[in-house]
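Input: a single structure, listed below in structure tokens.
Laboratory data are not the source of any read-out in this text; all were calculated from the coordinates shown. Keep in mind that what you see is a predicted model, and the values were worked out from it rather than measured. Note that we place each Cβ from the backbone using ideal geometry, even for glycine, and neighbour counts take in every protein chain shown.
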Amino acid sequence: MSTPTLSSLTPEARRLLESQNIELPSWAFGNSGTRFKVFGTPGTPRDPYEKLADAAQVHQYTGAASKVSLHIPWDLVDDWADLRRYAEDLGIEIGAINSNVFQDDDYKYGSLCNPDKAIRRKAVDAHRRCLDIMSATGSTDLKIWLADGTNYPGQDSIRERQDRLAESLQQIYADLGPDQRLILEYKFFEPAMYHTDVPDWGTSLLHCLALGDKASVVLDTGHHAPGTNIEFIVAQLLRVGRLGAFDFNSRFYADDDLIVGAADPFQLFRIMNEIVAGGALDPDSGVAFVLDQCHNLEAKIPGEIRSITNVQEATAKALLVDRVALAQAQRNGDVLGANGILMDAYNTDVRPLLGELRESQGLAPDPMAAFLASGYLERISAERVGGQQASWAA
Ligand code: AOS
Ligand code: ZN
Ligand code: ZN
């Protein structure tokens, strides 16, 4: 394939690439680590305002990351209207609100699935508070990931936990505003080790279908067993109109939360290929592209910039796939021809194209170099003392 340029793209491919927006997680800017050690990074934000300021840097240099997800209660503030204004002044918006019902002692045996009705009510109320925060911040997505599950066979009834989950989700769903939706994430294990209450896309989808049109599945790329064909799940959820959002990251072993596209750029391309083929790249498609990552060793703002450019590269390659020729090869049973068409697109260097795109948007062609030259990291390292951890867990 010849080197692509902006003018060689179809107008539709160019529009889609220009309008691509990837949401950033507030927790990526806080210190994080493993259960062995949390290494601090100089300049780490001390509150949600500073997390937003850092996120705005990522958007300033990439032009493709104008939203920030918040995690509640990690990101609690006194005045939500004030935080919203602050974000708007920075040129960004508040994205999904992530409910956190896994840190209180009360949630030891689960939250929405807990055998104790009073604790289930407490967890439902925590989600209602998230809905209030969404109304105050203009956020439309309530993102639910549950740590619920059991560690030992017989510890609790798997079946009854599903019934409790359905009932709790129904109570939350009933309180959604007209422009709000509920998106339900799945994860095959951890922290529960024997069974997890929402372990896979099928379980999430069943609950979403039972709830109604305003419920969709969140696919976190790190939450699958090794070898899982994630692009199949993408295609299937798009087919039934229930892919609500991605949590992008990379895994080598488990839920590693490394930079998206770092471990397996080919997998990321295959996922974006299904997105493009399914018409889901358009910002109005209802699929939110969100990062869910932690930067334990690397600097956080550059880590997020690299993540955005990795997603953009995979997307640009997916947009280069010659879909007419591919359909023809597929119809003709031309196995190697069809595979070759995908590989041609994957093996194309799209970095010059993306540089050209950024320049056409008034940005520097290399966002990482431009950010590193700006002096922002040095300034926050000198100004901020006592950075906040991404989570309360050590
Ligand atoms: C947990 O493994 C999930 O990926 C959630 O999305 C979680 O809320 C996020 O990773 C922050 O811990
Ligand atoms: Zn996630
Ligand atoms: Zn995760």
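Any chance you could run the full-extension gain for L206 through D282? It's 0.36 nm times the residue separation minus the Cα-Cα distance, nm to one decimal. Write down the numbers at each step before the final one.
Numbers: separation 76, 0.36 × 76 = 27.36 nm, distance 2.58 nm.
Additional length available on full extension: 24.8 nm.
How much of the DSSP beta bridge set in the chain is antiparallel, as a percent to the nearest 5?
10
Based on the mean of other Cβ atoms within 10 Å per residue, sort peptides 263-272, 35-44 so the most packed one is first.
Result, highest mean Cβ count within 10 Å first: 263-272, 35-44.
Could you bin all the Cα-Cα distances of the stretch 278-378 into 5 Å bins starting at 0 and give me the percent of pairs in each, rounded to whole numbers?
2, 10, 15, 16, 18, 15, 10, 6, 4, 2, 1, 0
Treat every Asp and Glu Cβ in the chain as -1 and every Lys and Arg Cβ as +1, leave all other atoms uncharged, and give the resulting dipole magnitude about the Cα centre to the nearest 20 debye.
The calculation lands at about 380 debye.
Can you tell me how much longer the chain between R128 and R323 gets when fully stretched, taken as 0.36 nm per residue apart minus their C-alpha distance, in nm with one decimal? Let's see the in-between values first.
On the way: separation 195, 0.36 × 195 = 70.20 nm, distance 4.45 nm.
Full extension of this stretch gives 65.7 nm more.
With an 8 Å Cα cut-off and a minimum separation of 6 or more residues, compute the relative contact order for the stretch 6-383 in percent.
18 percent.
Based on DSSP H runs of at least 4 residues, each adding -39500 (n - 2.57), what is the mean residue ellipticity at 222 nm of the chain after dividing by all its residues, to the nearest 500 deg cm²/dmol?
Result for the chain: -14000 deg cm²/dmol, rounded to the nearest 500.
Would you grab the residues whose amide H sits under 5 Å from the one on E23? Only those 5+ places off in sequence or on another chain, please, with H modelled 1.01 Å from N.
HN-HN under 5 Å from E23: F289, V290, L291.
Which order results if K51, K122 are arranged by neighbouring Cβ count within 10 Å, fewest first? Write down the numbers at each step before the final one.
On the way: K51 26, K122 16.
Result, fewest neighbours first: K122, K51.
Any idea what diffusion coefficient the stretch 145-271 gets from Stokes-Einstein, in µm²/s, Kirkwood Rh on alpha carbon pairs, 20 °C, 1.002 mPa s?
139
Over the stretch 254-386, what relative contact order in percent results from Cα pairs under 8 Å that are six or more residues apart?
Normalised by residue count, the contact order of the stretch 254-386 is 24 percent.
Give the calculated FRET efficiency between D106 and A81 to the nearest 0.05, with a Förster radius of 25 Å applied to their Cβ-Cβ distance.
Working: r = 30 Å, r/R0 = 1.19.
According to the calculation, E is roughly 0.25.
Between A166 and R35, what length in nm is gained on full extension when 0.36 nm per residue of separation is reduced by their alpha carbon distance?
This chain segment gains 43.9 nm when fully extended.
What per residue convex hull volume, in Å³, do the alpha-carbon atoms of the stretch 271-312 yield?
Expressed per residue, the convex hull around the Cα atoms of the stretch 271-312 is 78 Å³.
For the stretch 118-128, in order, what is each residue's ³J(HN,Hα) by Karplus, 6.51 cos²θ - 1.76 cosθ + 1.60 with θ = phi - 60°, in whole Hz (x at glycine and Pro)?
5, 6, 4, 5, 4, 5, 5, 5, 4, 5, 5
Taking the Cα centre as origin and putting +1 on Lys and Arg beta-carbons and -1 on Asp and Glu beta-carbons, what dipole magnitude results for the stretch 141-277, to the nearest 20 debye?
That gives the stretch 141-277 a dipole magnitude of about 320 debye.
Can you give me the distance in nm between label points at D264 and F189, each placed 7 Å from the Cα along the Cα-to-Cβ direction?
1.7
Please compute, for the alpha-carbon atoms of the chain, the extent along each of the three principal axes and give them in descending order in Å.
Per principal axis, max minus min of the Cα coordinates gives 63, 58, 42 Å.
So which GluC sites (Glu not before Pro) in the stretch 197-298 pass both tests, a DSSP loop state and at most 14 other Cβ atoms within 10 Å of the Cβ?
Here the sparse-neighbourhood loop sites are E298.
Return the loop-located chymotrypsin sites (Phe, Trp or Tyr not before Pro) in the stretch 298-394 (DSSP other than H, G, I, E, B) with at most 10 other Cβ atoms within 10 Å of their own Cβ; answer none if there are none.
W392
Can you work out ³J(HN,Hα) from phi for every residue in the stretch 88-93, in order, using Karplus 6.51 cos²θ - 1.76 cosθ + 1.60 and θ = phi - 60°, giving whole Hz and x for Gly and Pro?
4, 5, 7, x, 10, 9
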